[in-house]
Amino acid sequence: MRKNKFILALVLAAVILPFASSLVSFYADWLFFVETGFSSVFTTMLYAKTVVGVLFGAALFFVVLINVLYANRSRFPYSTVFMVGGNLRVQRDAAVRFIKPLALLASLLLALLAGNWGALHWEEVLLFTNRVNIGTVDPVIGKDIGFYLFSLPFWEMLKGFAGFILLATTVIAAAVYFVRGGITLTERGAAVDEKVRRHLAILVGIFACVVAAGFYLDSFNLLYSNNRAFYGAGYVDVNSRLLTYRILTFLTPLAGIMLAAGIWKGAWRAALLPPAVVVALYVIGIRVYPGVLQKFKVAPNELALETPYIEDNLKFTRFGYDLEKIETVPFDVDTKLSAADIANNDATIKNIRLWDHEPLLKTYSQLQQIRTYYRFFDVDNDRYKVNGQYTQVMLSPRELSYADLPSKNWINERLIFTHGNGITFGPVSRISKEGLPEFFVKDIPAVSLADITVSRPEIYFGELSNDYVVVKTRIPEFSYPTATGNINTTYAGKGGVPIDSLLKKLLFAAMFKTEKILLSSDITPESRIIYNRNINERIRAIAPFLRFDGDPYMVVDGKGRLKWIIDAYTYSDRLPYSKPLNGGINYMRNSVKTVVDAYDGSVSFYISDPDDVLVKVYRRIFPGLFKPLAAMPDDLRRHVRYPHQFLQIQAAMFAAYHMTDPKVFYNKENLWEIPALGEKPMEPYYTIMKLPGEKVEEYILLLPFTPSKRDNLAAWLTARCDGENYGKIKAYTFPRDRLIYGPKQIDARINQDSFISQQLSLWNQRGSEVIRGSLLVIPIEKSLLYVQPLFLAADKAGLPELKRVIVAFGDQVVMEENLELALQRLFGAKKTVAAATETATDSKASPATLAREAMSIYEKATTLQRQGNWAGYGEELRKLEQVLKRMAR
């Protein structure tokens with residue numbers, strides 16, 4: 001008796017605990033969506049999952065139930081005969097008493113599985129019910145493209161579900177018939193009663209209709225074929241397989257009826273003939289004949305026969321990756337660049353990025369990490385108006401690294417160390433005499449050496465944030481360290497969920513598997529628990545149907561608050577004739593810009609591509625989720641940039657699909673590729689420059705191309721990021737009748753330069769590690785400059801210092817201490833750009849700005865003096881002297 005009670009308790013625990021865990025997660029998710037203001041999104045997804053799950057589960061349960069009840073009503077002459085299985089002998093009358101409840105239990109379990117499976121497909125159902133027509137039809141079957149994006153996945157799901165229902169029904173019904181004596185095993189084989197045969201005949205007839213539906217849907221999937229030379233249905237698919245599928249769609253139900261009739265009558269030989277015909281037709285029409293047609297007709301005349309289908313592949317792939325908007329412009333390059341041209345493009349020269357991300361990240365970590373528990377995870381590239389000048393900058397948030405806390409315990413990790421603090425922010429090209437970066441914003445608390453201020457430096461939501469913290473408790477939060485002690489703070493934002501009841505304490509204690517939330521006396525009714533703090537997880541929880549960029553970047557808004565901007569993409573793998581990526585995606589748009597406040601965690605989704613058909617449908621599904629881009633505050637909109645990961649995908653496709661002539665595309669006559677230095681292809685890079693034909697410098701994203709298996713340049717691709725020009729892409733093509741040096745050729749010439757190679761060898765012999773930065777191609781007027789920084793570090797863990805800049809132009813290669821000296825050697829100009837050793841603030845800064853800078857340096861110097869850091873104190877006095885000299889000019 002006790003054993004039975006123990007087993008019952010285990011069964012109840014196995015059922016109740018998962019249910020309780022799901023209930024806790026459900027309520028926590030609801031509170032999260034309420035906190036972020038997207039409760040309507042939660043209810044929409046919940047309603048869809050519930051309705052779809054219930055419908056699928058109920059459909060399976062009732063279909064199986066009807067068949068089980070019918071099977072249980074049947075009587076058979078051998079119902080009292082023993083069933084023999086090895087040494088096991090069971091009387092049928094005893095087994096029959098259990099088979100009905102067991103069959104119902106199996107039906108219920110399968111229904112639960114079907115309901116859960118259906119709930120996972122809520123998105124396909126919502127896309128189908130909110131589908132729209134695009135207005136473009138496929139060239140083979142004539143269906144609107146919207147059918148492939150929104151309807152075809154839904155119908156394929158239903159077809160698969162119908163097949164599963166029939167399979168489950170057949171298996172369970174067969175088990176019932178076997179127990180009840182409708183199916184018996186004899187020495188001659190299985191004996192099937194007439195009632196069972198008729199039941200089976202009906203199921204087989206229905207299954208034939210499902211198979212026919214599968215053939216019908218397979219005809220649409222031909223448009224996703226890989227024909228080696230191109231993607232999509234080709235001559236063989238259209239003239240053999242498509243016709244076969246249409247015939248099979250018509251013949252399979254007829255064969256199913258004939259098979260069902262044969263089974264009904266017990267004429268097994270006649271029953272097997274129709275399905276044999278269907279199988280033979282499938283093998284011949286889908287496998288054999290297409291191979292013969294390909295070998296003897298298409299292969300000898302491939303270009304002539306496949307040209308119409310290659311045109312379709314070109315058209316739809318260009319549509320799938322938004323390549324149609326790329327404007328191709330001839331770029332007649334020359335080598336007539338002069339000192340006057342350099343001076344006229346002063347803003348471009350000043351914004352050539354000398355600081356590479358990886359060396360700069362190491363430098364920031366050693367100079368500005370301040371404490372071991374802070375960490376710079378990434379360096380982001382952006383542009384700001386700094387002291388009135390349009391300036392490209394590098395920015396890195398100083399996040400809290402919980403893995404590096406000196407003392408790890410629940411109070412420290414959850415109540416005291418709750419957030420990161422501030423940013424490090426500087427120009428892309430300025431260097432000090434020591435080869436270190438200059439700063440616009442630095443230190444804790446934030447010291448601003450320009451007109452960029454950070455008023456709210458706390459980072460509660462970031463890329464390194466842990467799963468939860470509790471704020472507004474009786475224990476003050478750590479804010480930042482000083483020479484005299486730690487400065488504390490109390491959270492004043494609206495982020496998080498109030499823990500104002502015992503129920504919520506119990507909820508979060510269960511959710512995070514710790515009793516400390518329930519028992520801690522430091523948590524008050526005013527306390528708030530902040531979870532989903534990792535910005536990537538936060539936005540995915542709200543919009544799981546979007547794909548988010550892997551490189552979020554932080555901006556400082558007009559009020560000095562820190563905001564994250566994350567690019568989001570709509571995508572599909574269902575666009576006909578479009579070449580897929582490795583993951584199968586063949587349609588992609590950067591349709592959404594997501595903004596997350598680093599302090600309070602508020603999230604906004606802005607539509608940046610209102611013409612995207614997928615985002616139109618998602619907007620119909622979730623009307624309260626998206627805002628128009630015009631609703632984004634201007635101080636944030638100025639920092640929207642074209643995502644480099646998306647341009648990289650577009651460039652990889654455009655390398656082949658810039659060829660719009662089918663013959664040229666087939667022969668790969670003008671195939672491009674992205675140049676590589678070493679094993680890694682070049683990545684798109686941001687810069688500020690004046691595009692050909694434009695009068696003003698702008699922030700752009702640039703990537704060069706070379707001809708396939710060649711090293712000279714073929715073109716350069718640029719995506720514009722500013723204002724009304726955002727999203728416009730141009731491909732500037734070079735003349736094909738002369739040599740334009742490519743990155744690999746310039747790299748080889750640098751290696752062959754005797755002075756440069758000798759200097760590099762000398763540095764290496766002294767034990768320093770030479771780090772060669774990114775080789776950048778910078779178009780200026782009608783010419784090209786190639787710029788590569790050189791960094792030195794004592795060892796791999798040492799502080800990288802920018803020691804030299806290599807500049808190549810035409811047949812000349814020079815290496816100097818900074819960019820200005822290199823340009824002077826090349827063009828003979830006395831003063832073409834601001835000296836790289838100037839301070840980060842512009843020499844034309846106003847007296848008030850210089851006074852603020854001097855005061856900031858003075859305060860830093862006095863702090864270092866109190867700390868006894870005399871070396872740092874002397875350095876700050878030197879900087880103060882330089883500022884005072886500038887004020888005295």
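Odds and ends about this structure:
- Given R0 = 25 Å, the distance between the Cβ atoms of residue 455 and residue 769 translates into a calculated FRET efficiency of 0.05.
- The HN-Hα couplings worked out from phi for the stretch 457-467 by the Karplus form 6.51 cos²θ - 1.76 cosθ + 1.60 (θ = phi - 60°) are x, 5, 10, 8, 10, x, 8, 10, 4, 7, 6 Hz, whole numbers, x standing for Gly and Pro.
- For the stretch 95-254, the dipole from Cβ point charges (+1 on Lys and Arg, -1 on Asp and Glu) about the Cα centre works out to 540 debye, to the nearest 20.
- Entries of 325/559; 295/325; 362/385; 143/325; 315/563 with Cα pairs more than 28 Å apart: 325/559; 295/325; 315/563
- For the chain, calculated [θ]222 nm from helices alone, where every DSSP H run of n ≥ 4 adds -39500 (n - 2.57): -14000 deg cm²/dmol
- In degrees, nearest ten, helix 502-511 long axis to first principal axis of the chain (Cα): 90
- Around the amide H of residue 417, modelled in the peptide plane, lie the amide H atoms of 478, all under 5 Å away and 5 or more residues distant in sequence or on another chain.
- Sequence-ordered 3J(HN,Hα) estimates for the stretch 212-225 from the Karplus curve with 6.51, -1.76 and 1.60 and θ = phi - 60° stand at 4, 4, x, 5, 4, 6, 5, 5, 6, 5, 4, 6, 10, 5 Hz, glycine and proline given as x.
- Loop GluC sites (Glu not before Pro), the stretch 148-227, which have at most 13 other Cβ atoms in a 10 Å radius of their Cβ (DSSP): 187
- Label selected from (1) 28.7, 97; (2) 34.8, 116; (3) 31.7, 111, the criterion being Rg and Dmax of the Cα atoms in Å as computed here: (2)
- 12 Å beta-carbon shell around residue 561, net charge (K/R +1, D/E -1): -2
- Local net charge near residue 480, Cβ-Cβ under 12 Å (Lys/Arg +1, Asp/Glu -1): -1
- The label-point distance for residue 325 and residue 474, in a model that sets each label 7 Å from Cα toward Cβ, rounds to 5.7 nm.
- Close amide H pairs (under 5 Å, H built 1.01 Å from N) link residue 677 with 682, residues at least 5 positions away or on another chain.
- The stretch between residue 521 and residue 102 holds 145.6 nm of extra length on full extension. This uses 0.36 nm per residue minus the Cα-Cα distance.
- Surface per residue (accessible, 1.4 Å probe) for the chain, Å²: 46
- Here is the list for the stretch 753-800: trypsin sites (Lys or Arg not before Pro) lying in DSSP coil, each with at most 10 other C-beta atoms within 10 angstrom of its C-beta, are 766, 796.
- Per-residue HN-Hα couplings for the stretch 368-373 [Karplus 6.51, -1.76, 1.60; θ = phi - 60°; Hz; x = Gly/Pro]: 10, 5, 6, 10, 5, 8
- Label-point separation in nm, residue 627 to residue 50, each point 7 Å along Cα→Cβ: 3.0
- Amide H contacts of residue 354 (H built 1.01 Å from N, under 5 Å, at least 5 apart or other chain): 429
- Net charge dipole, the chain: roughly 3000 debye, given to the nearest 20, about the Cα centre with Cβ charges of +1 for Lys and Arg and -1 for Asp and Glu.
- Straight-line cross-link reach from residue 505 at under 17 Å between alpha-carbon atoms covers these aspartates and glutamates, not counting any fewer than eight positions away in the same chain: 29, 35, 467, 515, 522, 526.
- Along the axis of the charge dipole computed for the chain (Cβ charges of +1 for Lys and Arg, -1 for Asp and Glu, origin at the Cα centre), the listed residues 276, 608, 364 are led at the positive end by 276.
- Approximate spin-label separation residue 113-residue 261, in nm, with each point projected 7 Å along Cα-to-Cβ: 3.6
- Placing a label point 7 Å from the Cα of residue 620 along the Cα-to-Cβ direction, the residues of the stretch 555-573 with a backbone N closer than 20 Å are 570-573.
- For a label point 7 Å along the Cα-to-beta-carbon line of residue 284, residues of the stretch 227-258 with backbone N under 20 Å: 236-256, 258
- Bridging of residue 680 to aspartates and glutamates at a Cα separation below 13 Å is possible for none of them, once same-chain residues fewer than 8 apart are set aside.
- Peptide ranges 714-723, 512-521, 481-490 listed from the most packed, as the mean C-beta count within 10 angstrom indicates: 714-723, 512-521, 481-490
- Here r is the Cβ-Cβ distance between residue 411 and residue 367 and R0 is 30 Å; the resulting FRET efficiency, rounded to 0.05, is 0.45.
- Dipole of the chain, positive direction: furthest Cα of 827, 544, 645, with charges on the beta-carbon: 544
- Residue-span extension gain [residue 21 to residue 749] - 0.36 nm each, minus C-alpha spacing: 255.7 nm
- With Cα atoms, 0 to 90° folded angle of helix 268-282 axis to the chain main axis: 20
- Formal net charge of residues neighbouring residue 244 (Cβ-Cβ distance under 14 Å; K, R +1; D, E -1): +1
- Rounded Å value of the spacing that divides the Cα centres of the stretch 545-615 and the stretch 429-457: 30
- Projecting the Cα atoms of 307, 857, 420 onto the charge dipole of the chain, computed from C-beta unit charges around the Cα centre, puts 307 farthest toward the positive end.
- The mean sequence separation of alpha-carbon pairs under 8 Å and at least six residues apart, normalised by the residue count of the chain, gives a relative contact order of 11 percent.
- FRET efficiency for residue 851 and residue 668, using Cβ-Cβ distance with R0 set to 56 Å, rounded to 0.05: 0.30
- For residue 581 and residue 885, the difference between the fully extended length at 0.36 nm per residue and the C-alpha to C-alpha distance is 103.6 nm.
The values are calculated or read from the model by the stated rules, or taken from the named source; none is laboratory data. Note that the coordinates shown come from a computational prediction; the quantities given were computed from them, not determined experimentally. All Cβ positions, glycine included, derive from the backbone under ideal geometry; neighbour counts span all protein chains shown. Only protein heavy atoms, including side chains, enter the accessible area calculation; ligands, DNA and RNA are left aside. Shrake-Rupley method; radii C 1.70, N 1.55, O 1.52, S 1.80 Å.
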